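Written below as structure tokens is the structure these notes are about.
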């Protein structure tokens, strides 16, 4: 029997989507979620690309319970914890940042904000007092706090707050479906932006290694990131890798930049850090940069009430144990290849499917009104949202985004399931999206 649906103005919850009627969750297990009415959903997006080791993993729950029972909260300026120290030791072995040090916060927005401030403080500590400019990319998303939003390129999210934020120079991202320029040509735009801003004033370049929801898993050409790294080095600009969406195995490598063997100066991660079991993110900084701040200033000028949380570290460590112990990075690579192959086979000829792209279990499907010209649907049709709801009604959860073309037009749905999926789940995802497209547009 279906449970009631919840939406504004009923009750006292300030809902994220006010008019959207939503069911109440009962429980999750593996790759599935169940509402209170007993309906099952295949979580093919891991929420907003968060759940990486699956729902209701006893190992994670037990690790959190052990830490909760011992000490639920201590302030980071007063105590450390064994869970935190051990987690950092493990992360230091796999994060591609030299002699890395980890600063923990509670969300992707927070760690991006901290990374921006870290880049500024490192440059100050080096004696580069004029370096305060952060260059980022259009059609990007880095978070909802004002600093992170100022670096983002999502027009609809930014518009109400433009007068309140620091505007930052932006360059176009690699988007091969609509922009045929090579990776090196796209990287040159980064250098031009640095020169236009005056290299003596630029602190860092901030970007997602593989574009996230704003572009729907658009992968750059192989020569893009090596050239960007060389450009940053040439001009003394720090490279900040936003791996909030794509880190910890999501793309078939532990970190998305590992596809190009690139080492950033700063790396941030969040969504998959604790797999949805705890709000956790971290900034990874080079050891020598942390040391230069200590020498110049004594401490990093940043903090948070719930930073370096022991329970979050326990959850993150348990999630990392599962990722490494069950070979989930390799599974993401295998299942991601299979997912794209079967999506192309099932939907490649669909008149409204323009592109299928991504790496590992980070896959986007771009929808177009005209396949030949790549003309997007009018923004007012909200096609991606409608497809998401059609799939949800049939028990398939996909992520969606609108605005990849020009900030308003351009519809993408995304797959980002738990990394534990197998062949049967891949088939279920592909067939489920096919049925949702048939529901929305009629049989192709």
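Values for this structure:
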| read-out | value |
| --- | --- |
| Failed criterion for residue 160 (all others in (1) surrounded by fewer than 21 Cβ atoms within 10 Å (Cβ to Cβ); (2) in a loop (DSSP other than H, G, I, E, B) hold) | (2) |
| Residue list for segment 304-346, restricted to those being within 30 Å of residue 121 (Cα to Cα) and touching a strand residue (DSSP E or B) at 6+ places or on another chain (Cβ under 9 Å) | 304, 306, 307, 308, 309, 312, 313, 316 |
| Scope segment 389-416; condition surrounded by 20 or more Cβ atoms within 10 Å (Cβ to Cβ), in contact with a helix residue (DSSP H, G or I) (Cβ under 6 Å, 6 or more places away or on another chain) and in a loop (DSSP other than H, G, I, E, B); matching residues | 398, 416 |
| So residue 364, is it surrounded by 24 or more Cβ atoms within 10 Å (Cβ to Cβ), in a strand (DSSP E or B) and on the phi < 0 side of the Ramachandran plot | yes |
| Residues within segment 224-259 that are over 16 Å from residue 184 (Cα atoms), part of a helix (DSSP H, G or I) and over 14 Å from the mean Cα position of the chain (by Cα), tallied | 3 |
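Every number in this text was worked out from the coordinates using simple rules, so none of it is lab data. The structure presented is a predicted model; accordingly, all values stated were derived computationally and were not measured. All Cβ positions, glycine included, derive from the backbone under ideal geometry; neighbour counts span all protein chains shown.
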